[in-house]
1. Run down L180, L246, L210 and say which single residue is modelled with pLDDT of 95 or more, surrounded by 12 or more Cβ atoms within 10 Å (Cβ to Cβ) and touching a Pro at 6+ places or on another chain (Cβ under 7 Å).
2. Within the range 418-434, is there a residue that is farther than 24 Å from I66 by Cβ, part of a loop (DSSP other than H, G, I, E, B) and in contact (Cβ under 8 Å) with a residue 24 or more places away in the chain?
3. Please go through the range 375-417 and give me each residue that is assigned to a strand (DSSP E or B) and of a type in the set (S, T, Y), ordered by number.
4. Do we have any residue at all in the range 207-218 that's outside the structural domain of G399 (by TED's automatic domain parsing) and over 20 Å from the mean Cα position of the chain (by Cα)?
5. So which of V100, V110 is surrounded by fewer than 22 Cβ atoms within 10 Å (Cβ to Cβ), among the β-branched types (V, I, T), in the same structural domain as P125 (by TED's automatic domain parsing) and in contact (Cβ under 8 Å) with a residue 12 or more places away in the chain?
6. Looking at the range 13-31, which of the residues that are free of Cβ contacts under 8 Å to residues at least 40 places away in the same chain and part of a helix (DSSP H, G or I) is farthest from F263 (Cα to Cα)?
7. Out of the residues in the range 278-313 that are assigned to a loop (DSSP other than H, G, I, E, B) and touching a strand residue (DSSP E or B) at 6+ places or on another chain (Cβ under 9 Å), which is farthest from S52 (Cα to Cα)?
8. When you scan the range 321-343, do you find a residue that is under 24 Å from the mean Cα position of the chain (by Cα), surrounded by fewer than 15 Cβ atoms within 10 Å (Cβ to Cβ), in contact (Cβ under 8 Å) with a residue 24 or more places away in the chain and more than 23 Å from L34 (Cα to Cα), even just one?
Amino acid sequence: MGKNNYIDTSKELMDFIKKSPSAFHVVANFATMLENAGFVPLNERNKWNLVSGKKYYITRNGSSIIAFRMPENKDFYNFQIAAAHSDSPAFKIKENPEMVQDNNYVTLNVEKYGGMLMAPWLDRPLSVAGRVIVRDNGLLKPILINVDRDLCVIPNLAIHMNRDANNGIKYNPQKDMIPLFGEISSKDKFEKIIAKEAGTEAENIIGRDLFLYNREEGTIWGTDNEFISSPRLDDVMCAYSCMKALIEEGNENKESVNVCTVFDNEEVGSTTKQGADSSFLSDVLSRIAMCSEKTEEDFVRAVASSFMLSADNAHAVHPNYPEKADPTNRPYMNKGIVIKYNANQKYTTDAISAAVFKEICGKARVEVQSYVNRSDITGGSTLGNISNSHISLNTVDIGLAQLAMHSPYETAGVKDTEFMIKAVKKFYETAIVTDEEGRYSLGGKITRK
């Protein structure tokens, strides 16, 4: 694959991220991509009539989305699922956010969302995006808003006023991370700005979920343009790759329902109605089975034969802190997809799921790497094992190697988005078949009993 393919794909990703400053925008933009590709929207509250060979998608809360392709064979064998998440660490705007400081400044009251690196948020151009709930002719309806201009900054304290600043600071989110919104003349203008973006009056806004976001756009850089830096690479990079793979897959797998699910709230534990710890995925899969006239036993059998890719970015070896990586498992940017392992099942990967995914990547001609935490450093977790508590199936945790995870400006490899698209596309196109002995074949003959 030529260099221009990697560059073009990375530019497409950066453009998607620029248009997606919140999880709500991520899902709305995915919905547009899907509809342009012929996917039909569904509503959880309506009766479904699914047709073999057709494509569908469903959203929940406007911040999670599941898209799927019905195979031509109505008596499908299994579900093949790629899962990622739509949210990223950020600062959420509190209710009644305006605060007056020293009778001269107006600041905004915010709180942390997710486990973020706070220092990189300082001294950057920021703005506000998310959704508001508007009263309109007796209805309450959601409207996405993005104040598409540099609106505020979280200013650092000058070195002259804290001579120990370069020796390390413990940041207090209620003191140090408050954005400056304007001078005293800005008082009472925040609600008006948000209302103007929503095309309504301030008194018509009944509820809101609004977040700060970094205004700096993505860039491709390095001696040979080998790196990409952008806001929200974790996990829009994987989510975009998986959704694009579902849209582009060649419909060669006639036996599986191919599914892409993008959950919200992974960064805060997934315990919401739209998170991986909800019934969203199991609800959709069971309804697909019911609409295909499968019995409850048929559904359980299909799930037992299914496979999931849990896609969430991984830590690359850091050039300034190489000792922080495991001695023998050292993933790098642009060197292939990372398979993530953990003995305590923070990641779901086991010998079976790793072997299946390695074989698929071999077919896709994509290299793989391994990530394991140093044994004396506690790592994070992701959505695979959480989702498995609701619908149990073989799952491998994968990701793309990156630096500065949970910073408002992260860095990854320019080749890696294209690698993930190729591998997930091959996953969708390959029927994963197992027998009662626990043996697996890729694209093998299915024997139904």
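The values are calculated or read from the model by the stated rules, or taken from the named source; none is laboratory data. In this text, all values refer to a predicted model and were calculated from it rather than measured experimentally. Virtual Cβ from ideal backbone geometry, glycine too; neighbours counted across all protein chains shown.
1. Testing whether each residue is modelled with pLDDT of 95 or more, surrounded by 12 or more Cβ atoms within 10 Å (Cβ to Cβ) and touching a Pro at 6+ places or on another chain (Cβ under 7 Å) leaves just L180.
2. For the range 418-434, residues farther than 24 Å from I66 by Cβ, part of a loop (DSSP other than H, G, I, E, B) and in contact (Cβ under 8 Å) with a residue 24 or more places away in the chain: absent.
3. T395, T411
4. Yes, the range 207-218 contains at least one residue that is outside the structural domain of G399 (by TED's automatic domain parsing) and over 20 Å from the mean Cα position of the chain (by Cα).
5. Every option except V100 fails the conditions.
6. Only one residue fits best here, namely D15.
7. Result: N313.
8. The answer is yes; a qualifying residue exists.
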